[in-house]
Amino acid sequence: MSATETFRARFGADPAGVWSAPGRVNLIGEHTDYTGGLVLPFAIDARAQAAIGPNGAGVFRVTSAQRDNDVISVAAQDLRPSSPAVKGWPAYPLGVVWALYERGIDVPPLDIALDSAVPAGAGLSSSAAVECAVALAISDHLECGLDRPTLARIAQRAENEFVGVPCGLMDQMASAASTEGHALFFDIGADTTWHIPFDTAAASLAMLVIDTRAHHSLADGEYAKRRADCETAAGQLGVELLSQVPFERLDHALAGLTGPRATVLQRRVRHVITENQRVRETVALLREEHIAAIGPLLSASHASLRDDYEVSCAELDLAADTAETAGALGARMVGGGFGGSVIALTAADRAGVVANSVIDAFSRAGYTRPVVRSVTPAAGARRDL
Ligand code: GLA
């Protein structure tokens, strides 16, 4: 059922409108966003839709096409972080309502029906897609006129403080602010964005997303630990955010790390600072329309995430290595790690061979069959109806 049909079936009325926001793939710039670093994500054409409308019920009601007949009702006064009244998936849309309250926006009771085509657990930001669709829907519906970076920050706040996931700003910014045919170059420390043309088809290339279907339970705890490592290192180096260390000063910075965990911190810092540099080099190549030339940067990013940042896993490594052996120009894990997806840049006429090689390798290894999609940069959040 679409969001509109779900809204009608569960709430017995027509919605005031329907908005949507996409999932994302990060081309490069992984585990840099929470250090004030550089990222280069793009939106994909899998979207979450939010149909919303006012209700006379005096409570917020949320439902989802992906949940059979489930309607959750929550009173406005129960909308606060860790409220026992809000558990599981409704925390994403209702967290956005709470974050809007926190900005002083008085959101009246609403009905919200969701329908998402962004696969959950694939590292494609299904949560940011829902948050951004709901944030734009309410902002438009109430004529708040919030700009895209503000909507992204509201969505991130919902996820950080209401849902309780300590993510950076990349996913929400990609979902809120991307444009079709472009990757979004976001310098988080400087708070500036550029839309960089990224047209794989024109270059006879394809970008595959290989969902490994793996999700290791240490993902959330390890993410928080990596953030803490970056904060410790920044403190020792006398900078507010780790990405303020210039690439040219990397060796000097590594020598300045001390304590019993100095060698671990050195690896974390080396990943973050070299990853920022790889983003700069990728942007420079894309600006010159040398898309095929970014392949080695993608592979170097994967190696750095695997060896220095230690957030990869056997399934991600197998997918990236097999894709390259089968002829991909470059491949790397995307998102937080410990499962989720790998991207592989290939010649368009090689994409089938690359995909089948990875599927065969997973079968031989006894892993769940991966899902392989080809993606192109899609539009960010928008009104659909
Ligand atoms: C997750 C987080 C993002 C970002 C990535 C790693 O997707 O939600 O904020 O930190 O991991 O780059």
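What follows is calculated from the coordinates using simple rules that are stated; it is not laboratory data. Just so it is clear, the structure is predicted and the values come from calculations on it, not from any experiment. Every residue, glycine among them, receives a Cβ derived from its backbone with ideal geometry; neighbour counts consider all protein chains shown.
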Computed P(r) (all Cα pairs; the range 290-356; 5 Å bins; percent): 3, 21, 30, 24, 15, 6, 1
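With charges only on Cβ, +1 for K and R and -1 for D and E, what is the dipole size of the range 75-179 about its Cα centre, in debye, rounded to 20?
That gives a dipole near 240 debye.
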Counting pairs of Cα atoms in the range 216-318, how many percent are more than 25 Å apart? 26 percent
Compute the separation of the alpha-carbon centres of the range 182-227 and the range 21-49 and state it in Å as a whole number. 4 Å
Per residue of the chain, what 222 nm ellipticity follows from adding -39500 (n - 2.57) for every DSSP H run with n ≥ 4, rounded to the nearest 500? -12000 deg cm²/dmol
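Within a 10 angstrom radius of the beta carbon, how do Leu205, Leu40 rank from fewest other beta carbons to most?
Leu205, Leu40
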Diffing the range 289-294: the Karplus 3J(HN,Hα) column from phi (6.51, -1.76, 1.60, θ = phi - 60°), in whole Hz with x for Gly and Pro, holds 6, 9, 4, 4, 6, 7
Return the ratio Rg/(2.2 N^0.38 Å) for the range 231-385, where Rg is computed over Cα atoms only. 1.21
Inter-part gap, Cα centre of the range 325-378 to Cα centre of the range 109-139, in whole angstrom, is 26 Å
Amide H to amide H, which residues 5 or more places from Ala48 or on other chains are under 5 Å from it, using H placed in the peptide plane? Ala21, Gly23, Ala117
Can you list the HN-Hα couplings for the range 79-90, worked out from phi with the Karplus curve (6.51, -1.76, 1.60; θ = phi - 60°), rounded to whole Hz and with x for Gly and Pro? 7, 8, x, 6, 5, x, 6, 10, 10, x, 4, x
Report the residues of the range 284-318 in range of a label on Arg364: point 7 Å along Cα→C-beta, backbone N strictly under 17 Å from it. 314-318
Can you give the charge dipole size of the chain about its Cα centre, rounded to the nearest 20 debye, using +1 on the beta carbon of Lys and Arg and -1 on the beta carbon of Asp and Glu? 420 debye
Which order do Glu161, Glu288 fall in if you start with the one that has the fewest other Cβ atoms within 10 Å? Glu288, Glu161
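Over the chain, what is the relative contact order in percent, taking alpha-carbon pairs closer than 8 angstrom and at least six residues apart? The partial results should precede the final answer.
Working: 872 pairs, mean separation 91.6, N = 385.
The normalised contact order for the chain reaches 24 percent.
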Counting only residues 5 or more apart in sequence or on a different chain, those whose built amide H sits under 5 Å from that of Leu27 are Leu40, Phe42
The range 205-375: relative contact order in percent, alpha carbon pairs under 8 Å with at least 6 residues between: 35 percent
Please compute the alpha carbon radius of gyration of the range 8-108, then divide it by the globular-protein estimate 2.2 N^0.38 Å. Two decimals is fine. 1.29
For the range 21-180, using Cα atoms only, the Rg and Dmax in Å read 14.7, 46
Starting with the fewest neighbours, write out His302, His252, His216, His141 ranked by other beta-carbon atoms found within 10 Å of each beta-carbon. His252, His216, His141, His302
If you build the convex hull over the alpha carbons only and average its shadow over all orientations, what do you get for the chain? Give it in nm² to one decimal. 19.1 nm²
